[in-house]
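Below: one structure, written as structure tokens.
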Amino acid sequence: MADDRTSRTRRWTSAGATFAPNPEYRAGRAFGSTDHLAADAVVAYVDGVLRGTARGRAEEHLRLCPGCAAEVSAQTDARSLLRGCGEVHAPSSLIGQLSQIPTREIDVRDVRRRSR
């Protein structure tokens, strides 16, 4: 058994040894080049609810990342279009269907007890 463990150890290499350094990464940046703003962060940034350090990090990333800057631009355009749409009315059939959705949480433990 000890020989088997030893042979496995010799074949194993750490994952870090298989990755080459990212040449686009510069020390001191708030984000690595492979770290992009999540969709929620883009929306929060555009809506002005991203504050403090998070906003600063996002702004720094947006200066360095044209892909994320394009996402922010698209979200800003979509926000402007939606705000200019005027009032939206839902069909009564949709309102009826939505009203049928249960509003209280179901205790899964209670359901399991009843099914026994």
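Residue separation of Asp40 and Ser99 scaled by 0.36 nm, minus their Cα-Cα distance, works out to 18.5 nm of gained length.
Rolling a 1.4 Å probe over the protein chains gives Cys85 an accessible area of about 90 Å².
In the context of the full protein assembly, Ser80 retains an accessible surface of approximately 80 Å², using a probe radius of 1.4 Å and ignoring ligands and nucleic acids. Accessible area per residue (1.4 Å probe, heavy atoms of protein chains only) ranks Thr103, Thr76, Thr53 as Thr103, Thr53, Thr76, with the largest value leading. Positive contributions from Lys and Arg (+1) and negative ones from Asp and Glu (-1), summed over other residues with Cβ under 11 Å from the Cβ of Val43, come out at -2.
Distance between the pseudo-spin-label points of Ser92 and Thr53 (7 Å out from Cα toward the beta carbon): 5.5 nm. Note on exposure: Glu71, Glu60 ranked by accessible area (1.4 Å probe, complete protein assembly) read Glu71, Glu60, with the most exposed listed first.
The values are calculated or read from the model by the stated rules, or taken from the named source; none is laboratory data. None of these values were measured; they are calculated from a predicted model. Reconstructed Cβ throughout: ideal geometry from the backbone, glycine too, with neighbour counts over all protein chains shown. Heavy atoms of the whole protein, side chains included, go into the accessibility calculation; ligands, DNA and RNA do not. Shrake-Rupley method; radii C 1.70, N 1.55, O 1.52, S 1.80 Å.
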